[in-house]
């Protein structure tokens, strides 16, 4: 008991340090293509056009995702300006809010120490930390799904009065609506499917009568409905693209080129849960055994277990896989692990953490060989520069693991968990900060810096056989695409006048303009050079060439 109260005495210093580490690095890194460029640019175009109903990317209709994160980022741009940190702010805020939510829900469900441990575990799980600092939609939808699950769990607690149950369930419905506005129907379908599976396994159908369907559905429609109504009214083609293609086709087919084998998520889960991977398996096994003979009364641990397994299986059988798809598992895992950790003997925790030591030593030993992954001289140079950051990150992590094991040998569990959590968070942040050393391959910041003084807003700018996702944000303008469609094919089909379908059409348009710019890959530039196209080079590197009319 003394050790647990020690954890609570450190609460405010630990929280302050976490806030500084979590938010302090959002501006430092250059945006990375494709996701960071895309999800920074769509809100920028919203602000520029004033149209917050129809999302556009490169001035073309873009209906792959709903608008909640676009709205939040556009609001940040309006209030604070268009910066790298404001483009990442929503991911950072929802990631931080997720840690606070797990703390609150864990304390209410399993006790104060369980909540604190759950927050520490979630805020230092490798995949959660990384996604919380990258501009994608996954952290936002994970937060709102977790908020919905937390509301459901707290609303189903034994002993809660009718008013408390009602309020928590109403919050769950609102959270699911916000999850739908974050990334589509998965915000409703996934929690609903998990609830159905739980009811079947538990043989408990009474919880369906405690869902407050009438007011819940009304709240859901009031929050999620207006945008869908407005966007379909303005864009009749929206329904087919968003509801049929983006939800059915993406899940059931390999059309997007994201098909991976059934074991794809195994290494992602194993590394994403570091440094708590072994504890995760121990917790899942103990939770399963502990809930095997419970009665039909609602059991939050078993529901969380069902949720974790269901999310993993659901995305494993999907025809489209990305590492971040597992993220909704992590808050639930943290809640289960926090409960186990609060009750765990120090000796057991020591042996669950000990396997991390040879792992981090192996990582530290492999860092000097990272340049062997390079495919060309530029990569050789960049990977060599990044090697310093990787070595420092691995060293910090190694020292943290060693210190945690020493503290556990001294029976100081709270200090050991804090040290291991913060060393992992710091190591992850150092690894992210070092990304600027390799950013030239994945970001167009250096191109924008070189050509910005030359580029005038009223002069056409062509993007030939390519679309560099980060360049529009840095130049604050859109491009005319030439013989390139990819994810913009739908928008091009709706507004073909914004597109040039072939190189011959580009040459004709280029020659007709009194002034123009174009960006292309080097082989395309060499092809135009052989043809004698009139052009001046204003930027070139090993990948891209930017030309202007002479």
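One table, with the values for the structure above:
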read-out: Condition met for residue 369 (surrounded by 14 or more Cβ atoms within 10 Å (Cβ to Cβ), at negative phi and either in contact with a helix residue (DSSP H, G or I) (Cβ under 8 Å, 6 or more places away or on another chain) or modelled with pLDDT under 95 (or both)); value: no
read-out: Test: residue in the stretch 450-471 that is modelled with pLDDT of 95 or more, buried (at least 18 other Cβ atoms within 10 Å of the Cβ) and farther than 19 Å from residue 540 by Cα; value: no
read-out: Verdict on residue 403 being modelled with pLDDT of 95 or more, in a helix (DSSP H, G or I) and surrounded by fewer than 20 Cβ atoms within 10 Å (Cβ to Cβ); value: yes
read-out: Every residue from the stretch 305-328 that is in contact (Cβ under 8 Å) with a residue 60 or more places away in the chain and not in a loop (DSSP other than H, G, I, E, B); value: 306, 307, 310, 311, 314, 323, 324, 325, 326
read-out: Residue list for the stretch 116-147, filter: surrounded by fewer than 24 Cβ atoms within 10 Å (Cβ to Cβ) and closer than 11 Å to residue 101 by Cα; value: 147
read-out: Residue count, the stretch 37-53 (criterion: in contact with a helix residue (DSSP H, G or I) (Cβ under 6 Å, 6 or more places away or on another chain), farther than 20 Å from residue 461 by Cα and touching a residue at least 60 places away in the same chain (Cβ under 8 Å)); value: 1
read-out: Subset of the stretch 197-223 (residues that are surrounded by 13 or more Cβ atoms within 10 Å (Cβ to Cβ) and under 18 Å from residue 288 (Cα atoms)); value: 197, 198, 199, 201, 202, 204
read-out: Test: residue in the stretch 429-436 that is part of a helix (DSSP H, G or I), touching a helix residue (DSSP H, G or I) at 6+ places or on another chain (Cβ under 7 Å) and under 20 Å from residue 337 (Cα atoms); value: no
read-out: Number of the exception - residue 219 against (1) modelled with pLDDT of 85 or more; (2) over 24 Å from residue 67 (Cα atoms); value: (2)
read-out: Selection count, the stretch 152-167, where residues are within 14 Å of residue 110 (Cβ to Cβ) and buried (at least 16 other Cβ atoms within 10 Å of the Cβ); value: 2
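The values are calculated or read from the model by the stated rules, or taken from the named source; none is laboratory data. Since the model is a prediction, treat every value here as computed from it, not as a measurement. Here Cβ is always computed from backbone atoms with ideal geometry, including for glycine, and neighbour counts include all displayed protein chains.
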